[in-house]
1. Say we look at the stretch 434-455 and pick out the residues that are closer than 27 Å to H725 by Cα and touching a Lys or Arg at 6+ places or on another chain (Cβ under 7 Å); which of these is surrounded by the fewest Cβ atoms within 10 Å (Cβ to Cβ)?
2. Out of I168, I125, I177, I164, which single residue is open to solvent by less than 10 Å² (accessible area, probe 1.4 Å) and assigned to a helix (DSSP H, G or I)?
3. Quick test for you: out of G511, G518, pick the one residue that is outside any helix (DSSP H, G or I) and open to solvent by 40 Å² or more (accessible area, probe 1.4 Å).
4. Quick one: in the stretch 235-287, of everything that is part of a loop (DSSP other than H, G, I, E, B) and open to solvent by less than 30 Å² (accessible area, probe 1.4 Å), which residue is modelled with the lowest pLDDT?
5. How about the stretch 171-193: which of its residues are of a type in the set (D, E, K, R) and either closer than 11 Å to V206 by Cβ or more than 22 Å from the chain's Cα centre (by Cα) (or both)?
6. Tell me which residues, restricted to the stretch 233-251, are within 15 Å of H210 (Cβ to Cβ) and either within 29 Å of the chain's Cα centre (by Cα) or of a type outside the set (D, E) (or both).
7. Any idea which of T726, T718 is hydroxyl-bearing (S, T, Y) and farther than 15 Å from P562 by Cα?
Amino acid sequence: MVNAAVVEGVLERITYANEENGYTVARVDTGRGSGELLTVVGALLGAQPGESLRMEGRWGSHPQFGKQFTVENYTTVLPATVQGIRRYLGSGLIKGIGPRIADRITEHFGIETLDVIEKDPERLIEVPGLGPKRTKLIGAAWEEQKAIKEVMVFLQGVGVSTSIAVRIYKKYGDASISVVKNQPYRLAADVWGIGFLTADRIAQSVGIPHDSPERVKSGLQYALSQSTDQGHCFLPEEQLIADAVKLLQVDTGLVIDCLAELAEDPEGVVREKVPGAEDGDPVSGVYLVPFHRAEISLAGRLSRLLRTDDDRMPAFHGVDWERALAWLARRTGAQLAPEQQAAVRLALTSKVAVLTGGPGCGKSFTVRSVVELARAKQARVVLAAPTGRAAKRLAELTGADASTVHRLLELKPGGDAAYDADRPLDADLVVVDEASMLDLLLANKLVKAVPPGAHLLLVGDVDQLPSVGAGEVLRDLLAAPGTVPAVRLTKIFRQAQESGVVTNAHRINSGVPPLTSGLKDFFLFPEEDAEEAARLTVDVVARRIPAKFGLDPRRDVQVLAPMHRGPAGAGALNGLLQQAVTPARPDLPERRFGGRVFRVGDKVTQIRNNYEKGRNGVFNGTVGVVTALDAVEQQLTVRTDEDEEVPYDFDELDELAHAYAVTIHRSQGSEYPAVVIPVTTSAWMMLQRNLLYTAVTRAKRLVVLVGSRRALGQAVRTVSAGRRHTALDHRLAGAM
């Protein structure tokens, strides 16, 4: 190694860390007494502030930041001075010990402190103010930290992040290293955050052959899993084989053989002839087992609901509709348009019905009318939506309780529901709003829980983006001719015509550019350069909208970006918006995790389903605000948009992302007073009509576009390329 050197010092703070590759920039106190901190960069994955490190590497110089040390390898060294021990314990590394407790412990035990914690933790009770409960907690946290360190040292060579090492340890405990060495592909299935690529890197480092059948089968399942993340329920066999060969860099014959073995495994994959996406000619579709089961189950259950002779709302078959609608008009103070009347009658007489239409066409008032009439006949009405915000809106609209679909079904750890075919919901009418968000797996769980004879009304805008999860259930229901009764509302009401937001949403959906001048609620700030557009977006959110409209930038304004990456993507914008809206302050608690810093006041979102959090789980897309941060207990608290306080241990913070800006896909089902949309040529591949339409229809009062007229034109012109690979419409047609 050129200029090889060894440096020892205490890690004071991490200024940057990339969770994906472990590259870290940190400041180290080398103890020379000058008070100056040394900048170190490189492989410091897993090191925590307060730890004493022995670093091997080389000296260098950065043109902007000056002298720095590049770390090639490091080991943790327990501090040898009382001051070092105090700083180490007070760093928040050990749960239950903060700076004040660290002072007390080191004052009592001095240089023997770490020996006492290691060998005789019961003695901690000698320290004033430390009771048996805290003492036990500190001892357990120390042991866990040691075990995690051992796992991390082993994983460091393959670039696995600290948070992943913690999760591996929590999943397998003392068996962690054995599993990693002998069954690395298990990690991809068992541990959230580890995909096939990470497991494959680990497998190669422990000597598993490149052409191992275990590797190829895991790679095939990974390729299918990736396709479900892109919305597909299956992949055509030829496409799957080509994807796997490219991913694994192995012979096509080996992939074909391994796919055949997987297809014979009841828990492997399912191969079945289904209509192709292009011309409908049959293709061999390959499914992961849960998606195949769900597609067959959903089609069969919808068919049974429609065909059953039971009816839990029989009163509406012989009703005098003229009288009923006149009573409704007196009660609500408004007349239904003819197509709204048709939708109301359909929902109350058909066991399954779909109501679709764009903004301003009266979907909400139609739903309220259905609920009013059902209640007038003493029907038990259950209301739900896929997100907390959409459920709140549905409750405000109808004056009745509404919940998320997850909470309605009481989903349990593992994804099983408390309500299903064996224990159906106590409901005569089930209304689900924002149904375009229902993915295949959730829709199947929901329909399982609808009792025979009950009515199911699915309400949503089919022109919006399809669900984040696999499938396009609402579109498939409308695409299966002669199966599920449906009404599409098309008439824009006069009041809605006065809204620039509604007018432009319909223009975009028709392929016509939006009007961007002369409107009081729809604006375009032109800016061709993507980085300048990002800066302008921040200025619009943090300064201009609050000044002109009196809206709160955190609570009322949402930035919706076409994609996560890029200079004007959600990732970069979150960093800039956090600086503008929730900047660092000496009195404001914060916690760095990987490349992100979380502060009290931050707007955040959950990025995976976690059935074990909160009262009934916390789900992908749930938004909230950080309300507390406890360095001693190593815990951060989020108040969600469902008004629930949810604690997160510091090692769970990779489940959270900042939400000042979110991708348009993640905004589905939510509604905000104001929406700001950066539209730049840097997001060219993502610019599509239904993406822009979805973003605009998230706004209640105000839309501001920031960016390039050329990019805006591209988004309006480009119709989404192709349908997802699903066969629900084919199965529905066959089941009827």
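1. Checked the stretch 434-455; the qualifying residue surrounded by the fewest Cβ atoms within 10 Å (Cβ to Cβ) is K448.
2. I168
3. One residue alone meets the criteria, G518.
4. Only one residue fits best here, namely G276.
5. D174, K181, R186
6. Across the stretch 233-251, the qualifying residues are A244, V245, K246, L247, L248, Q249, V250.
7. T726
Conditions (1) under 20 Å from T622 (Cβ atoms); (2) of a type outside the set (V, I, T); (3) open to solvent by less than 40 Å² (accessible area, probe 1.4 Å); (4) in a loop (DSSP other than H, G, I, E, B), marked per residue:
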residue	(1), (2), (3), (4)
L560	yes, yes, yes, no
H564	yes, yes, no, yes
G575	no, yes, yes, no
L588	no, yes, yes, yes
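The values are calculated or read from the model by the stated rules, or taken from the named source; none is laboratory data. Since the structure is predicted, the reported quantities are computational estimates derived from the model, not experimental observations. With ideal geometry, Cβ positions are generated from the backbone for all residues, glycine too; neighbour counts draw on all protein chains shown. The accessibility values were calculated without ligands, DNA or RNA, using every heavy atom of the protein model including side chains. Shrake-Rupley method; radii C 1.70, N 1.55, O 1.52, S 1.80 Å.
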